[in-house]
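Have a look at the structure below, then the notes.
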Amino acid sequence: MSKFITILEGLDRRWIFLAMAISVAGPILIIGITGKTLPETPTPAARAVYSEIEKLPVGTPVLIAFDFDPASGGELTPMATSLVHQCAARGLRMVFIALWPLGPQLIDETIRRVILADYPNLKEGIDYVNVGFQSGNEAVMKVMLTDFAKAFPITKNGTAVGDVVALKGIQRASDFPLLVEVCAGYPGAKEWIQYVISSSGGKIKMVTGCTGVQTPQLYPYYPVQLNGMLGAIKGAAEYESLVNSSLAPKDSSAAIPAKYLEAQRRMGPQLGAHLLMVGLIILGNIAFFAQRKSKVRATS
Amino acid sequence: MKRLVPMWIAIVAGFVMLLSAFFPITESLGETMGDVFNVVAAIAFILGAGSLAKVNLAKISQRDQGWGYAAITLICFAITLAVGLGKFGVPPSAQFPALGWSGEKDAEGSIFGWIYEYALVPITSTMFALLAFYVASAAFRAFRAKNLEAILLLSTAFIVLLGRTFAGVVLTGWLPDWASGLRLENLSVYIMQVFNTAGNRAIIIGIALGVTATSLRILLGVDRSWMGSGD
Amino acid sequence: MRHPYVIHDTLCLDPSDPDWRFAGIVEKGYRALVARNAIANRWRMISSALILCVIALDSSGAIDSAPANTPSIITGNKVNLSSKIPFNELGQEVTVPPAAISVQARDVPWDAGGVIEVSWKPAPDTGTATKWVIERSEALQTGLTPWAFVAEVPIDETVVLAPKLSASASYFFSVTAVGPEGSSAVATTKNAVTPEWNFFIGAKLPLFCAILVVSACVIYYILAARRGRPMKVRRIAALEAITDAVGRATEMGRSILFVPGIQDMDNIQTVAGITVLGHVSKTAAEYDAAIEVPTSRSLVMEAAREAVQASYLAAGRADAYNADGIRYITDEQFGFVAYVSGRMVREKPAACFYMGCFFAESLILAETGNSIGAIQIAGTAESSQLPFFVAACDYTLIGEEFMAASAYLSGEPDQMGSLKGQDVAKAIAATLIIVGVVLATGAALAPQGTMASALEWLKGVLGS
């Protein structure tokens, strides 16, 4: 036992790294082979995201902001996919913007993955538009409050926003009844709340999907300023299961495409990683108490 | 003079930005200040690129330790800059099919787009993924039940870690409906919404007041240490 | 068998080249005044004359008579729209929603100008209507400009703000209820309204007052400190440790690493980080320790160079200042982290400072620093990153402590006074929270009671 304690006390962190790699890789392989995912029970925050989108009438313009970059894509891409999937299925007018420089590419990827692949009837510039990136962070948000075209004069492909059918009737941010924000940091949901939602006098509702690290920081805004929230891959998996269950093909034998199961598939590795951390914390405390006991013995 | 001029620029710009939020007459001035910042930051980027080149070239010429990395940095920098500016491999846009340069720099098929897709995305995702390993080693080292506060922290960590996965459902899913609030997945939501929110709000209010006081010290010229502790 | 008329209309702007547009279909026997919403809208062009053209169709739908312009010219404001009988394009009678009863417009008080609030009273039963369409027209001396779209709102809303108006112009507004089969008659405002420009944005009064109160507290205590009033600040271990950390680096002959976050100079946390850098570099200059400052923004590099150079000058060590130690790496978050982590592993600095705005890179940096055995001091106002710094660093400045660091390190009475003022503002905020909690609890217990009224009053005053 004492040898075990000694090993624990001097444990090289590389062993921990190896254990983490195994505990994450194991479930990835198992889920990859079996194709089975763990069941999800949606929390009220995830349900709220779903219902806020679902209750919008067909054709309603929705502002979708991709404020993240490829680095956090692993955590945020699955929820971005599901959000666009639901909006497209609902027939909403999707206006994509980004306040992060690499956001427009991620928007294009999502459009290719969801809209072009599964909703070919939706027309670019009419049913959806990628307005692209604009630098200036909060300054852009403030300008959008009064003049959308001033904040984003042209779309990503160079068309003046005034000529885009999808933007008909959009003069300022509050002309969008709903803002869907997917974010990984600054500028992100917090800034949108502080500069746009608070100033809109309740005209704009907002739902967000954010990284796990940001989730505790955004809870103070839910459910008053934030109408719904997807926290990390767990929130994405809950929301994904909601969207999939509502949009599942009538023919039950048809499998849901893998791209719409990404979040649920990633809950397996998350389970492995969390269990490892619980185990590590317990082991660390065993070592700590053993060490303390031996110190007490030594002093007495 | 070297400190006085920047200080007054900061004071004037700061007050204009502050007032522009409340007084419409100063609104356009505030926007101008924002534009000025963007222009200055863009000019400073040239200085940044200069610094990057200077430091790395010096490293290569002196054959310092790790000079190979410096060479790789400069080569990658030059390639990315060239293919981005030159729009290599960019197909023409649909609006102007006759003009070779009319497409977007990162359009599908462009070299810049290729670098983005096959170099930047995997590399940055890998760096982000390192967090999982560091979180594990930090948790192993930091979560020790040293005292009552630490025990509370530890218990909360367990509830949230388990409640955010299927393990929570397995462990406490058997609890009857009247005790469903004690299920780990519900407890973790409760902790996040109540205790976490309360703590975060306190920190946010403190930070907001700290930001106000710091800004005021700078705007009033009381704190000039951002220009160096030269007093 | 129906024998409908197809009505086309045109504005009489250029009789030689009329721009005919489909207006509606009516059965034979109805008067030509019958038209759909499209024509009704354009009839509001009171400055323009209108010509109606009637085309008769036979039962097969083919044209059986040549177009014939109506002999009379009808002006829109004289047309009795209430006599309109709605038909769809197949000539079938349809149900259209009732029009709004009254439409009013008023200038939004205490705003930056350019905005008018339009409100209307819907009919008791809005029928099949799904939305309202609001339009505006600028009143000129010669008449009205063409009607322009303002907004579309759901049928349950009765107020809309019309933005982007000229403060020197006056406007009429119209409201139309739109249903699946057609639109209601158009209801317009009786008078033109001008969106006046105001000196102050009234909606921001509570925020302005809050800033004034906090500023007053801070300024009062700065002045009090100048008058010699003693100011006490509790000991902040993280800031006390700066000298030890720099001393340790000197003893070990290794460098000091200072990371001022990954945001630009427009972020107050970066500014606060640079202020701490000024103090750290002064100590480093005094101890003759090398300091390295990698930055992820060019502007931050310039500001950091200025701060460090001034500190070296102040310490009398201008010759020891090395500008190349303060360098720009990349704006890309994880590219920056890769560089700094690699540098830490290779150079093994004895002391690492992380002061500024951090995101996901916080843990990578702090864990790498921990692995090389460096003494680490962090400070940030990003609450989501605080747990990582607390877990992996020796000392962490939490939120407002970080903001107070510069004042604490300088020890100047002026700056210490500002901290006292900040504490008083905090006490006011805490009092308001307690009052709000008591009132909200009371209002929950007795929704009609005094507490509920007081709570509503407080919410109104605070603008929430």
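Things to note:
- Restricting A:Ser199, A:Ser241 to residues that are over 22 Å from A:Lys55 (Cα atoms) and either more than 11 Å from the chain's Cα centre (by Cα) or surrounded by 24 or more Cβ atoms within 10 Å (Cβ to Cβ) (or both) narrows the list to A:Ser199.
- Yes/no for C:Tyr321 being aromatic (Phe, Trp, Tyr), open to solvent by 40 Å² or more (accessible area, probe 1.4 Å) and either at the interface with another protein chain (Cβ under 7 Å from one of its Cβ atoms) or without any contact (Cβ under 8 Å) to a residue 40 or more places away in the chain (or both): yes
- Scanning region C:348-362 for residues being open to solvent by less than 10 Å² (accessible area, probe 1.4 Å), within 31 Å of the chain's Cα centre (by Cα) and at negative phi gives a total of 6.
- Any pair with Cβ under 7 angstrom, 6 or more apart, that starts in region B:68-84 at a residue that is in a helix (DSSP H, G or I) and ends at one that is small (Gly, Ala, Ser): B:Leu74/B:Ala53
- Odd one out for B:Leu52, checked against (1) free of Cβ contacts under 8 Å to residues at least 24 places away in the same chain; (2) assigned to a helix (DSSP H, G or I); (3) open to solvent by less than 70 Å² (accessible area, probe 1.4 Å); (4) out of contact with any helix residue (DSSP H, G or I) (no Cβ under 6 Å at 6 or more places or on another chain): (1)
- Scanning region A:195-235 for residues that are in a loop (DSSP other than H, G, I, E, B), closer than 15 Å to A:Asp67 by Cα and of a type in the set (Ser, Thr, Tyr) returns a single hit, A:Thr211.
- None of C:Glu302, C:Glu292 is within 7 Å of chain B (Cβ to nearest Cβ), modelled with pLDDT of 90 or more and open to solvent by 10 Å² or more (accessible area, probe 1.4 Å) except C:Glu302.
- Identity of the residue in region B:158-181, open to solvent by less than 30 Å² (accessible area, probe 1.4 Å) and at the interface with another protein chain (Cβ under 7 Å from one of its Cβ atoms), that ends up nearest to A:Leu271 (Cα to Cα): B:Thr165
- Test for B:Leu154: is it assigned to a helix (DSSP H, G or I) and on the phi < 0 side of the Ramachandran plot: yes
- Residue in region C:415-432 that is part of a loop (DSSP other than H, G, I, E, B), open to solvent by less than 50 Å² (accessible area, probe 1.4 Å) and more than 10 Å from chain B (Cβ to nearest Cβ) present: no
- Residue check, C:Arg343 over 24 Å from C:Phe402 (Cα atoms) and either touching a strand residue (DSSP E or B) at 6+ places or on another chain (Cβ under 6 Å) or crowded, with 18+ Cβ neighbours inside 10 Å (or both): yes
- The condition of being outside the structural domain of C:Val280 (by TED's automatic domain parsing), surrounded by 15 or more Cβ atoms within 10 Å (Cβ to Cβ) and in a loop (DSSP other than H, G, I, E, B) holds for only one of C:Leu165, C:Leu161, C:Leu207, that being C:Leu165.
- Test: residue in region A:247-269 that is over 29 Å from A:Thr37 (Cα atoms), open to solvent by 40 Å² or more (accessible area, probe 1.4 Å) and over 12 Å from the mean Cα position of the chain (by Cα): no
- Residue match in region C:240-260 (condition: within 30 Å of C:Asp423 (Cα to Cα), in contact with a strand residue (DSSP E or B) (Cβ under 7 Å, 6 or more places away or on another chain), surrounded by fewer than 24 Cβ atoms within 10 Å (Cβ to Cβ) and not acidic (Asp, Glu)): yes
- Of the helices (runs of 4 or more DSSP H) lying entirely inside region A:99-194, those carrying at least 3 residues that are touching a residue at least 24 places away in the same chain (Cβ under 8 Å) and within 13 Å of chain C (Cβ to nearest Cβ) are A:138-146, A:189-192.
- Boolean, C:Pro180 is loosely packed, with under 15 Cβ neighbours inside 10 Å, under 15 Å from C:Pro98 (Cα atoms) and touching a residue at least 12 places away in the same chain (Cβ under 8 Å): yes
- Residues satisfying the criterion are absent from region C:185-201 (criterion: part of a helix (DSSP H, G or I), over 32 Å from the mean Cα position of the chain (by Cα) and aliphatic (A, V, I, L, M)).
- Among the residues making up region C:237-261, those that are assigned to a loop (DSSP other than H, G, I, E, B) and either out of contact with any Leu (no Cβ under 9 Å at 6 or more places or on another chain) or not assigned by TED's automatic domain parsing to the domain that holds C:Thr330 (or both) are C:Gly253, C:Arg254, C:Ser255, C:Gly261.
- Qualifying positions in region C:375-390 - assigned to a strand (DSSP E or B) and open to solvent by 10 Å² or more (accessible area, probe 1.4 Å): C:Ile375
- If only residues of region A:1-27 that are more than 12 Å from chain B (Cβ to nearest Cβ) and assigned to a helix (DSSP H, G or I) are counted, the one that is most open to solvent (accessible area, probe 1.4 Å) is A:Lys3.
Here is a yes/no grid of residues against (1) of a type in the set (Phe, Trp, Tyr); (2) open to solvent by 60 Å² or more (accessible area, probe 1.4 Å); (3) at pLDDT 85 or above; (4) closer than 21 Å to C:Pro163 by Cα:
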site	(1), (2), (3), (4)
C:Pro98	no, no, yes, no
C:Ala105	no, no, yes, yes
C:Gly114	no, no, no, yes
C:Trp120	yes, no, yes, yes
C:Thr126	no, no, no, no
C:Trp132	yes, no, yes, yes
C:Leu140	no, yes, yes, yes
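- Residue in region A:139-160 that is modelled with the lowest pLDDT, counting only those that are among the hydrophobic types (A, V, I, L, M, F, W, C) and open to solvent by 50 Å² or more (accessible area, probe 1.4 Å): A:Ala139
The values are calculated or read from the model by the stated rules, or taken from the named source; none is laboratory data. Not measured: the values here are computed from a predicted model. Every residue, glycine as well, gets a Cβ built from its backbone with ideal geometry; the counts of neighbours run over all protein chains shown. Accessible surface areas use protein heavy atoms only, side chains included; no ligands, DNA or RNA. Shrake-Rupley method; radii C 1.70, N 1.55, O 1.52, S 1.80 Å.
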